[in-house]
Amino acid sequence: MRLPVDPHADRARRAWVPCPGCDDARDCATCAGRRNCPAHWRYLIGNEGPRVHLQCPSCTHTWTLDTRPGRRGPATG
């Protein structure tokens, strides 16, 4: 089931991280070069300190990411 885009999603608030739901940037040279790609960005819905809440505009997957050094996976706890 595909979720709707979060009502708090704002195109002006974006993040450039891989989507764990669809991995749509897998073959993108711009993303592989760690540059801000015009096609593969994520909505930055909000944050709680270093934990950011994201949504992929392609597949609408939502997740939380802990941005502290060494903790680039999904946030836990």
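Sub-6 Å Cβ pairs linking a first residue in region 3-15 that is under 13 Å from Gly46 (Cα atoms) to a second residue that is part of a loop (DSSP other than H, G, I, E, B) and not acidic (Asp, Glu), at least 6 apart or interchain, are Arg14/Trp41, ordered by first then second residue.
So is Ala32 among the small types (Gly, Ala, Ser), surrounded by 11 or more Cβ atoms within 10 Å (Cβ to Cβ) and over 17 Å from Thr64 (Cβ atoms) or not?
Yes, satisfied.
Step by step: first the residues of region 63-77, then only those that are of a type in the set (Val, Ile, Thr) and at pLDDT below 95, then the one that is surrounded by the most Cβ atoms within 10 Å (Cβ to Cβ). Which residue is that? The residue in question is Thr67. Filtered by the rule that a residue be among the charged types (D, E, K, R) and assigned to a strand (DSSP E or B), region 20-54 gives Arg42, Glu48, Arg51.
The values are calculated or read from the model by the stated rules, or taken from the named source; none is laboratory data. The shown structure was predicted, so the numbers you read here are calculated from the model rather than taken from an experiment. Positions of Cβ are generated from backbone atoms using ideal geometry, with glycine treated the same way; all protein chains shown enter the neighbour counts.
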